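Right, one structure below, let's go through it.
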């Protein structure tokens, strides 16, 4: 089993500080180039899974042309299963592209409800944001169901609790994660 785990691409982020120096568009092109390199690596190395753990794009600013670009890249790796957990910048909301766009057949987008997807000898569990904030209590019933399989958890979270008692970004303790029994936990963390 081979996989790639990424997070926080933030397609179409405004880059306000760079915009003042006329560099924001160049930075956006660099993002596209870097993402395409990941896809090319997947093609060249026959990677089974791509895990995207939140903030693939900026909900407020993303253009449909960017979503189409991303999807064409996904379509170019049809033998790779792509799993996306929305983060706080790209939540699975009523008007999000995750809900309204017809992504490639090899793409699975999780919502805020914990879900398990069986892929042969691998179980992939995932849950993401459905709003710009999410408290961890919303998914307290995380547990491995079949220890004979490889079990992977995908999420977007604030590892080891929230700073300044801010519990808006799915705070999870490392000690809590260790008890769950997953073989691998793919996440984007705020630390």
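Assorted remarks:
- Extension gain, residue 115 to residue 94, is 5.7 nm, computed as 0.36 nm per intervening residue step minus the present C-alpha separation.
- With 0.36 nm allotted per residue and the present C-alpha distance subtracted, the residue 135-residue 147 stretch has 1.6 nm of extension available.
- Answer label, with semi-axes √(5λ) of the Cα gyration tensor in Å calculated from the coordinates and candidates (i) 26, 22, 14; (ii) 31, 17, 16; (iii) 29, 20, 15: (i)
- Simple spin-label estimate for residue 46 and residue 101 in nanometres, 7 Å along Cα-Cβ: 3.0
- Difference of contour (0.36 nm per residue) and Cα-Cα distance, residue 64 to residue 32: 10.1 nm
- Across the stretch 3-190, the mean sequence separation of Cα contacts (distance under 8 Å, 6 or more residues apart), normalised by length, yields a relative contact order of 19 percent.
- The stretch 29-126 - Rg (one decimal) and Dmax (whole number), Cα, Å: 13.3, 39
- Where only DSSP H runs of four or more residues are counted, the chain gives -7500 deg cm²/dmol as its mean residue ellipticity at 222 nm, each run worth -39500 (n - 2.57).
- Order of 155, 113 under a 10 Å beta carbon neighbour criterion, fewest first: 113, 155
- Looking at the chain, the DSSP beta bridges with both ends there are about 15 percent antiparallel.
Values in this text are rule-based calculations from the coordinates and carry no lab data. Every value quoted in this text rests on a predicted model; they were computed, and no experiment measured them. Cβ coordinates were reconstructed from backbone atoms using ideal geometry, including for glycine residues, and neighbour counts include every protein chain displayed.
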